[in-house]
Amino acid sequence: MAQTAGTIKNDFSKGPMWQVILKMAIPMMMAQLVNVLYNVVDRMYIGHIEGVGAMALTGLGLSMPVISLITAFANLCGNGGGPLCAIARGEGDREKAERYMGNAFVLLLGIGVAVTVLLSVFLKDILFFLGASEVTFPYASEYLRIYLLGTLFVMISLGMNAFINAQGFAKIGMCTVVLGAVINIVLDPFFILGPGERLFGVITMPFGFGMGIAGAAWATVIAQFCSAVWVMQFLFSKKAILDLRPRCMRLRRETVMKILGLGVTGFVMGVTTGLVQSACNVQLQRYGGDLYVGVMTVINSVKELAFLIVHGLASGAQPVLGFNYGAKAYDRVRTGIRFFCLASLFYAFTVWLLSMTIPGALIRIFNQDPALLAAGIPSIRIYFCGFVFMSLQSAGQCVFVGLGKARHAVTFSLLRKVVIVLPLVFLLPLLPGMGVNGVFWSEPISDLLGGGACFLTMYFTVYKTLGRDDAPLPRN
């Protein structure tokens, strides 16, 4: 039954936009922080395993494109259905909002099973295609074969958490991630290390399973399971505004196409991230060997830490922008866009300053190998020198997705990563004196070109047209 916007629980049309966005975003930032720790802590523990830490870390880095692919499939349904659910809530259409949620849930289950089977069957071929060597393959394979057992848990916890946030329960959504991360962080040292082994070379473990990289994978799977259980118990509880009912799970072609049409943005971003990671690994293996594949693993880990605030702001802003857009409160949408863009730019400048001044400290979080530090310090400075422009890409993407503008969001995701980054990864190393540096330079160049194009298009086609009766937003 339809409701007016003013009678809806968790109404985003009330109060200053910056306060409403921060009320949603702060818990999401905390969730992003813990989510990054969820992934990064594995690398910290693995990178400090005595004797084999550097190679084990490199093997884990080879797994990252596969993990990005799994995340992409979760985002296909979660990032597709979540904003649509928020827009439907803004319109006061509860039935439509529940239909988006139910259809997304069924899609997540089906895709999760298919992805698990296919990746398990072709894992060896995939890893060697991604740049594995005979030395690093055993580490990557051991980790991923166990990690894949938790694929369905990832799909549910990540994909359905978007619908918790779309209902305005940012703190519950934060708890989804915090729960899994805390369990993972606590279990990691006991699963990875054995009795008498030293944690970070300082603390002697009184007991442990001594499973190495396999232990990190098992700890992650258990944590993912707990997060999935938390999400489902909330969505089926009386606290939820929307009901996850069987009749809303019946797939409808129109609903599915809208979910996939908008969700393809997150999917393309995830898939292209995996493609870029694998292309970088292949090129770095060719021009620098396993050492530089390890450097890229560390850089990607630092990047995840750097992006947590931007991602948290975006996750908080999207349902707020979508709700107000659905309620036709265009002045509030414009205000929200201004706040998000300025906050992202300020934060990106801070990250850029840190990466230029203390790159060594950032690398030591994951590994203290002298060779890795020597190669990593100049590489991280190159990679992050255009980070400010990357925040422009995030701002544009956030607005496009939050307002349901799938075509624009997909276009600029493909532009930056497929049209700009991938060719540069293969072409720049061929230039005289570039080699591995060419791989790292591809990122800031794409930040400047892709980020600038995305932001300017958002500004002129969305921001400037909002609220104008004679200039409606472009259709997808």
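The values are calculated or read from the model by the stated rules, or taken from the named source; none is laboratory data. Keep in mind the model is a prediction, meaning the values are calculated, not measured. Cβ sites come from the backbone with ideal geometry, for glycine too, and all protein chains shown count toward neighbours. Side chains included, ligands, DNA and RNA excluded: accessible areas come from the protein's heavy atoms. Shrake-Rupley method; radii C 1.70, N 1.55, O 1.52, S 1.80 Å.
Touching a residue at least 24 places away in the same chain (Cβ under 8 Å) and either among the aromatic types (Phe, Trp, Tyr) or under 30 Å from Gly168 (Cα atoms) (or both): does that describe Val231?
Yes.
Could you say which residue among Thr265, Thr273, Thr297 is under 28 Å from Leu372 (Cα atoms), at pLDDT below 85 and surrounded by 24 or more Cβ atoms within 10 Å (Cβ to Cβ)?
Among Thr265, Thr273, Thr297, only Thr297 is under 28 Å from Leu372 (Cα atoms), at pLDDT below 85 and surrounded by 24 or more Cβ atoms within 10 Å (Cβ to Cβ).
I want to confirm something. Restricting to region 258-311 and keeping residues that are of a type in the set (Phe, Trp, Tyr) and over 12 Å from the mean Cα position of the chain (by Cα), which single residue is farthest from Pro27 (Cα to Cα)?
Filtering first and then ranking leaves Tyr287.
Have a look at Leu308, Leu260 and point out the one that is closer than 30 Å to Arg89 by Cα and open to solvent by less than 20 Å² (accessible area, probe 1.4 Å).
Leu308
Could you please find all residues in region 243-253 being open to solvent by 100 Å² or more (accessible area, probe 1.4 Å) and part of a loop (DSSP other than H, G, I, E, B)?
Residues satisfying the conditions are Arg250, Arg252.
In the list Ala314, Ala223, Ala240, which residue meets the criterion of being part of a helix (DSSP H, G or I) and either within 20 Å of Tyr143 (Cα to Cα) or over 20 Å from the mean Cα position of the chain (by Cα) (or both)?
Criteria check complete, one pass: Ala223.
Does Ile363 satisfy the criteria of being assigned to a helix (DSSP H, G or I) and either touching a Phe, Trp or Tyr at 6+ places or on another chain (Cβ under 7 Å) or open to solvent by less than 20 Å² (accessible area, probe 1.4 Å) (or both)?
yes
Looking only at region 144-167, decide whether some residue is over 23 Å from the mean Cα position of the chain (by Cα) and closer than 20 Å to Gly59 by Cβ.
Within region 144-167 (the criterion being over 23 Å from the mean Cα position of the chain (by Cα) and closer than 20 Å to Gly59 by Cβ), the answer is no, since none of the residues qualifies.
Is it the case, given these coordinates, that Phe323 is open to solvent by 10 Å² or more (accessible area, probe 1.4 Å) and assigned to a helix (DSSP H, G or I)?
Answer is no for this residue.
Could you go through region 334-343 and let me know if any residue there is basic (Lys, Arg), farther than 22 Å from Leu414 by Cα and open to solvent by 10 Å² or more (accessible area, probe 1.4 Å).
Within region 334-343 (the criterion being basic (Lys, Arg), farther than 22 Å from Leu414 by Cα and open to solvent by 10 Å² or more (accessible area, probe 1.4 Å)), the answer is yes, since at least one residue qualifies.
Condition (residue is under 25 Å from Leu57 (Cα atoms) and in contact with a Phe, Trp or Tyr (Cβ under 9 Å, 6 or more places away or on another chain)) applied to region 102-124: is it met by at least one residue?
Within region 102-124 (the criterion being under 25 Å from Leu57 (Cα atoms) and in contact with a Phe, Trp or Tyr (Cβ under 9 Å, 6 or more places away or on another chain)), the answer is yes, since at least one residue qualifies.
Which members of region 397-440 meet the condition of being open to solvent by 30 Å² or more (accessible area, probe 1.4 Å), more than 22 Å from the chain's Cα centre (by Cα) and without any contact (Cβ under 8 Å) to a residue 60 or more places away in the chain?
Correct list: Pro423, Leu424, Leu427, Leu430, Leu431, Pro432, Gly433, Met434, Asn437.
Looking only at region 148-190, which residues are surrounded by fewer than 22 Cβ atoms within 10 Å (Cβ to Cβ), more than 21 Å from Met29 (Cα to Cα) and not aliphatic (A, V, I, L, M)?
Pro189, Phe190
I need the full set of residues from region 417-476 which are modelled with pLDDT under 90 and on the phi > 0 side of the Ramachandran plot, in order please.
Passing the criteria: Gly433, Gly467.
Looking for whichever is touching a Cys at 6+ places or on another chain (Cβ under 6 Å) and under 23 Å from Gly336 (Cα atoms) here; the options are Gly404, Gly396, Gly450. Which one fits?
None of the others qualify; the one that does is Gly396.
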